[in-house]
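Down below is the structure, laid out as C-alpha cells.
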Amino acid sequence: MRFAIHGDSPVTWGGPQPVEADVIVIGGGVIGVCTALFLARDGLRVVLLEKGRIAGEQSSRNWGWIRQQGRDPDELGIMVESNALWRELAGETNVDIGLHTGGVTYLARTPKKMAEYEAWLPHAQAHGVDSRVLSAAEVVELIPGMSRRYAGALYTASDMRAEPWVAVPALAGVAVRAGVRIVESCAVRALDMADGKVAGVITEQGRIAAPEVVLAGGAWSSLFLRRHGVVLPQLSVRATVAATAPLPMVYPGGAADEGIAFRPRADGGYSLAAGGFHELFIGPDAFRSLPKFLAQLRADPFGTRFLPGAPNGFPDAWGTPRTWSEDAQSPFERMRILDPQPNARKVADLTRDFAALFPDLGRVRIKAAWAGMIDTMPDVVPVVDRVVALPGLTVGTGMSGHGFGIGPGMGKVLAALVTGGEVGHDLTRFRLSRFTDGTRMRIGPSV
C-alpha cells in the first residue's frame, strides 16, 4: 500500500509560474506552507514552489503529534504559540484535519527517567504549559490495560494530534485562499543573484524575480545551500511508522516510552513508531559534519543505526551531484519526493511490542507502513535565520523531527524575519553562525 502522498499523486496546484513576486518560498512542507500563509496575510505577493507535492515528504509522514511537552526550552515559546495557531487554523480549513486534544504522555520505566522529566518541568511552568508528573498509580488510571508497570510519566493534557497528510494540504488551501500562489512539480534549481544579493530564483520553468526568498527545503536544504557556498551541517535520518487496522480505544492522546510510541488515528487504528530510534545513511555530508554531531552521538550513542549508503538520488547519496548548471536538470527534479522504504523488521517489532503492551486488544494487524527522512541538526534545534552571505535569503530548516507541531508558529516567525516585523521570540539559539563562530554544540534540556 502506497503512502497517502506520492510521486503519482495528482497535482493540486499547477503552473505556469509567475514572472515575479515579493517573496518566494522554496519547499511545500508545513514550514514553507505556514511561512507563505503569514507572508500573504502581511499583504505580500507570495509564490510557494514545491519540487514534488505539497507535504509529500516528512511533513506528512511524521507521528502527527502537536506537542509542547519535552521541547527544548528555546523552542517552547514558539510551540506554545503554535498550539494556539493550530486551533485557529483548523477552523479555517474546508476539511477535518483530525485535530484532537488528547494529551501527550511520556512513560518512564525507571526513577532516573522520572528525574529527567521532573527536571524539565520548570521550563513548562515558565511558559504556562500544563505539564505535570504522574505517579505509577496515575499512569494506570490514565492508560488502563497496559501489561507493563511504569515508574510514572510526564503528561501534558493540552497537547494535541492531527492527521498530517490531511492537515498540511489543508493549510495549503488556507494559504491559497489568502493569496499565495502555489506551484507543485516545479523544482528550484538555484538562487538568482545580482549585485551580491538575491534577485529571485531559477526554476525548471525559468526565472522568477523577487527580492526575498525563504528556503524551507527540509532534508534538501543543505544540498541547495552548498551550491551557493553556504555550509549547513544538516543530516537526514530515516524514521519508520506503521498504521494498524481499527482497534478499541486505549488512550485518546499520544504516548511513548523508550521503545514504542503510539497514538490513535482518525480511521480507528493507531500510528506506531519506535521511540528514540532512527537510521542514518552514511554519505559525504555525514563525514563532513561528524565533528559537529559528536555531542549528539555521546548523548544518545545507541539511538541511531548506521547504514552504509543512501539510495540513489537521496540528498546525501554518494552519487548525488553537489554542483549543477542552472539550465540542466538538478537533483531536485530527479527525485520529486523523498520516499524511503520502511524498516520491515522494525514494523514487525512495533506490532509485537504494541500487542504485548495491550494484551486485551487481541490481534494487532498492520495495514500500512512508511518511512520519512527527518532533517536534523547537531544540537537538535533548527536554523531560523537570515543568511548574511546571501542577502535576501532566509532559512528555516533542520526542525529535527519537531516541525509538524511547531509549523504554524515557526511560519509566523519566519514571515516576521522576512518583513522585519516583530518576531516575538529569542532566536539566538537558532542562528546559522553557531556552526562557524566557535560555539560549542549543546544539546538542550529537552526530553
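The values are calculated or read from the model by the stated rules, or taken from the named source; none is laboratory data. From a predicted model like this one, the values you see are computed outputs, not experimental measurements. Every residue, glycine among them, receives a Cβ derived from its backbone with ideal geometry; neighbour counts consider all protein chains shown. Just so you know, the surface numbers come from the protein's heavy atoms only, side chains and all, with ligands and any DNA or RNA stripped out. Shrake-Rupley method; radii C 1.70, N 1.55, O 1.52, S 1.80 Å.
Going by what's in this entry, would VAL364 be described as touching a helix residue (DSSP H, G or I) at 6+ places or on another chain (Cβ under 8 Å), open to solvent by 30 Å² or more (accessible area, probe 1.4 Å) and assigned to a loop (DSSP other than H, G, I, E, B)?
no
Can you tell me which residue among VAL201, VAL214, VAL237, VAL230 is out of contact with any Gly (no Cβ under 9 Å at 6 or more places or on another chain), closer than 30 Å to HIS278 by Cα and aliphatic (A, V, I, L, M)?
None of the other options fit; the residue is VAL230.
Can you tell me how many residues in the range 217-261 are without any contact (Cβ under 8 Å) to a residue 24 or more places away in the chain and buried (at least 24 other Cβ atoms within 10 Å of the Cβ)?
0
Output yes when any residue across the range 173-188 is surrounded by fewer than 17 Cβ atoms within 10 Å (Cβ to Cβ), at positive phi and under 26 Å from the mean Cα position of the chain (by Cα), and no when none is.
Scanning the range 173-188 turns up at least one residue that is surrounded by fewer than 17 Cβ atoms within 10 Å (Cβ to Cβ), at positive phi and under 26 Å from the mean Cα position of the chain (by Cα).
Based on what the data block shows, is VAL447 in contact (Cβ under 8 Å) with a residue 12 or more places away in the chain, of a type in the set (A, V, I, L, M) and open to solvent by 30 Å² or more (accessible area, probe 1.4 Å)?
Spelling it out, VAL447 is indeed in contact (Cβ under 8 Å) with a residue 12 or more places away in the chain, of a type in the set (A, V, I, L, M) and open to solvent by 30 Å² or more (accessible area, probe 1.4 Å).
Which ones in the range 262-276 are under 17 Å from the mean Cα position of the chain (by Cα) and surrounded by fewer than 21 Cβ atoms within 10 Å (Cβ to Cβ)?
If the condition is that a residue be under 17 Å from the mean Cα position of the chain (by Cα) and surrounded by fewer than 21 Cβ atoms within 10 Å (Cβ to Cβ), then GLY275, GLY276 are the ones that fit.
Can you tell me which residue within the range 41-100, out of those that are within 23 Å of ASP267 (Cα to Cα) and of a type in the set (Ser, Thr, Tyr), is surrounded by the most Cβ atoms within 10 Å (Cβ to Cβ)?
Per the stated criteria, the residue is SER59.
I'm trying to understand the selection: among the residues of the range 1-16, which are open to solvent by 90 Å² or more (accessible area, probe 1.4 Å) and either at pLDDT below 95 or in contact with a Lys or Arg (Cβ under 8 Å, 6 or more places away or on another chain) (or both)?
Residues satisfying the conditions are MET1, ARG2, ASP8, THR12, PRO16.
What is the number of the single condition among (1) in contact with a helix residue (DSSP H, G or I) (Cβ under 7 Å, 6 or more places away or on another chain); (2) over 30 Å from MET249 (Cα atoms); (3) in a loop (DSSP other than H, G, I, E, B) that THR394 does not meet?
The failed condition is (3).
When both residues are 6+ apart or on different chains and their Cβ atoms are under 6 Å apart, which pairs have a first residue that lies in the range 399-410 and is touching a residue at least 60 places away in the same chain (Cβ under 8 Å) and buried (at least 24 other Cβ atoms within 10 Å of the Cβ), and a second that is part of a loop (DSSP other than H, G, I, E, B) and of a type outside the set (Asp, Glu)?
Cβ pairs passing all conditions: MET399/PRO382; PHE404/ASN62; GLY405/ARG67.
Would you tally the residues in the range 282-306 being open to solvent by 20 Å² or more (accessible area, probe 1.4 Å), of a type outside the set (Lys, Arg) and touching a strand residue (DSSP E or B) at 6+ places or on another chain (Cβ under 7 Å)?
Number satisfying all stated conditions: 3.
So which pairs qualify, if the first residue must be in the range 296-315 and touching a residue at least 40 places away in the same chain (Cβ under 8 Å) and closer than 24 Å to SER330 by Cα, the second must be open to solvent by less than 70 Å² (accessible area, probe 1.4 Å) and basic (Lys, Arg), the Cβ gap must be under 8 Å, and the two must be at least 6 apart or on different chains?
Close Cβ pairs (under 8 Å, with a partner that is open to solvent by less than 70 Å² (accessible area, probe 1.4 Å) and basic (Lys, Arg)) do not exist here.
Considering each residue of the range 360-399, count those that are of a type outside the set (Gly, Ala, Ser) and within 22 Å of GLY424 (Cα to Cα), and give that number.
The qualifying residues number 14.
Restricting attention to strands (runs of 3 or more DSSP E) lying wholly within the range 209-328, give those where 2 or more residues are hydrophobic (A, V, I, L, M, F, W, C) and within 18 Å of GLN58 (Cα to Cα).
235-244, 261-264, 270-273, 278-281
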